[in-house]
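A quick write-up on the structure given underneath.
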Amino acid sequence: MSDSQCPIPGGESDTFGTRLRSLIEGESIAGFARRVGVPEANIHTYLRSMSPQMDKLVRIADACGVTVD
């Protein structure tokens, strides 16, 4: 892990959706989706229930300056 990256914030009991919500913090979901290059509908799905496939997870992590750990 580089000095400029840290894991997606969260604890053991957090869901991916909770951790993702902390990354979006203050940004619209549409704006976040555009920034990370993932369809807005996918972001809504991740916030509700599902974790993304690895390629989308890496895209989100890279755009947010975090790791997938």
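Just a few scattered comments:
- Taking the protein heavy atoms of segment 16-69 in the context of the full set of protein chains, the accessible area attributed to carbon and sulfur is 51 percent at 1.4 Å.
- Summing Lys and Arg as +1 and Asp and Glu as -1 over all other residues whose Cβ lies under 11 Å from the Cβ of I60 gives a net charge of +2.
- In order along segment 16-25, the phi-based Karplus estimate (6.51 cos²θ - 1.76 cosθ + 1.60, θ = phi - 60°) of 3J(HN,Hα) comes to 4, x, 5, 5, 5, 4, 5, 6, 6, 2 Hz; Gly and Pro are listed as x.
- Backbone geometry of segment 49-61 corresponds, through the Karplus equation with coefficients 6.51, -1.76 and 1.60 at θ = phi - 60°, to 3J(HN,Hα) couplings of 7, 10, 8, x, 5, 4, 5, 6, 4, 5, 4, 5, 4 Hz, x marking Gly and Pro.
- In this structure the amide hydrogen of T67, modeled in the peptide plane, comes within under 5 Å of the amide hydrogens of C6, I8, none closer than 5 places in sequence on its chain.
The values are calculated or read from the model by the stated rules, or taken from the named source; none is laboratory data. Every value quoted in this text rests on a predicted model; they were computed, and no experiment measured them. Because the Cβ atoms are built from the backbone with ideal geometry, glycine has one as well, and the counts that use them run over all protein chains shown. Note: accessible area is taken over every heavy atom of the protein model, side chains too, but ligands, DNA and RNA are not part of it. Shrake-Rupley method; radii C 1.70, N 1.55, O 1.52, S 1.80 Å.
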